[in-house]
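Okay, so here's the structure we're looking at.
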Amino acid sequence: SQTIHQWPATLVQPVGSPLSLECTVEGTSNPNLYWYRQAAGRGLQLLFYSVGIGQISSEVPQNLSASRPQDRQFILSSKKLLLSDSGFYLCAWSIGGIGETQYFGPGTRLLVL
Amino acid sequence: EDQVTQSPEALRLQEGESSSLNCSYTVSGLRGLFWYRQDPGKGPEFLFTLYSAGEEKEKERLKATLTKKESFLHITAPKPEDSATYLCAVEKYGNKLVFGAGTILRVKS
């Protein structure tokens, strides 16, 4: 069966510091991968998605970037964090194709101070 | 513009008191409507996918239905363990999901 991992679970970082969040998927090949951010009391906002190694699409202009160095690894990064980057970051995967379900990881709680 | 609106924002029920959550959407060419359950501090857990108007799916005390403009999540005789935030999302072009803000459900014993 497929599993998705995210780490760290919680992170407290000062403004201006760099960021690296990692997501890995097990039990499937060539998945579509997604990064979402969830602000308190709000729905999930799609940040990036990837259909293959090195293929990244950005949904919203922002202080963040994403990379996919391996088939089942997705990384969310920032060179300098802003206060507004605080939130709950979720990684998800799907097998691709119309109407296919996205399955979410446990999330990373990021607090920028 | 693709939009998903969930109502109510919050719902308090007594154990055994059945009710429904609403998800209305505007999207060109619906490819799928998804319901997820999210517990505090955790990632969303998949519940249902609906593809066409008239479709219904059930799982334990939950039943999801779909019309051309909205979906309902019916909860029959809820228990305290059904307390969670329920999220609705619609798929648009490119396998991208647009999420509603969610309904926070609290079931008291």
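Here, each number is a calculation from the coordinates, and none is a lab measurement. The structure presented is a predicted model; accordingly, all values stated were derived computationally and were not measured. Methodologically, a virtual Cβ is constructed for each residue, glycine included, from the backbone with ideal geometry; neighbour enumeration extends over all protein chains shown.
Structure summary
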| quantity | calculated |
| --- | --- |
| Neighbour-limited loop hits for GluC sites (Glu not before Pro), the stretch A:1-67 (at most 16 other Cβ within 10 Å; DSSP other than H, G, I, E, B) | A:59 |
| Under the Karplus curve 6.51 cos²θ - 1.76 cosθ + 1.60, θ = phi - 60°, whole-Hz ³J(HN,Hα) for the stretch B:28-42, x wherever Gly or Pro sits | 7, x, 5, 9, x, 10, 10, 10, 10, 10, 10, 8, x, x, 10 |
| Summed side-chain charge close to residue A:88 - residues other than residue A:88 whose Cβ falls under 11 Å, Lys, Arg +1, Asp, Glu -1 | +4 |
| Using θ = phi - 60° and Karplus 6.51 cos²θ - 1.76 cosθ + 1.60, couplings along the stretch A:69-78 (whole Hz; Gly, Pro as x) | x, 9, 3, 10, 10, 9, 10, 10, 9, 8 |
| Sequence-distant residues sharing a close amide H with residue B:55 (under 5 Å, placed H) | B:66 |
| Alpha carbon centroid spacing (whole Å) that separates the stretch A:1-48 from the stretch B:1-78 | 24 |
| Distant-in-sequence amide H partners of residue B:107 (H built 1.01 Å from N, under 5 Å) | B:13, B:83 |
| Shape category assigned to the stretch B:3-108 from the gyration tensor of Cα positions, a/c cut at 1.5 | prolate |
| Volume per residue that the Cα convex hull of chain A spans, once the total is divided by residue count, Å³ | 99 |
| Within chain A, longest stretch clear of exposed trypsin sites (Lys or Arg not before Pro) (DSSP loop, no more than 11 other Cβ within 10 Å) | A:1-78 |
| The stretch B:3-109: GluC sites (Glu not before Pro) in DSSP coil with no more than 15 other Cβ atoms inside 10 Å | B:9, B:15, B:17, B:55, B:60 |
| ³J(HN,Hα), Karplus 6.51/-1.76/1.60, whole Hz, each residue of the stretch A:7-22, x for Gly, Pro | 8, x, 6, 9, 8, 10, 10, x, 4, x, 8, x, 9, 8, 10, 10 |
| Within a Gaussian network of chain B (alpha carbon springs, distance under 10 Å), most fluctuating of B:43, B:94, B:16 | B:94 |
| Relative pair counts by distance (%), Cα atoms of the protein assembly as shown, 5 Å bins | 1, 7, 15, 18, 18, 16, 12, 7, 4, 1, 0 |
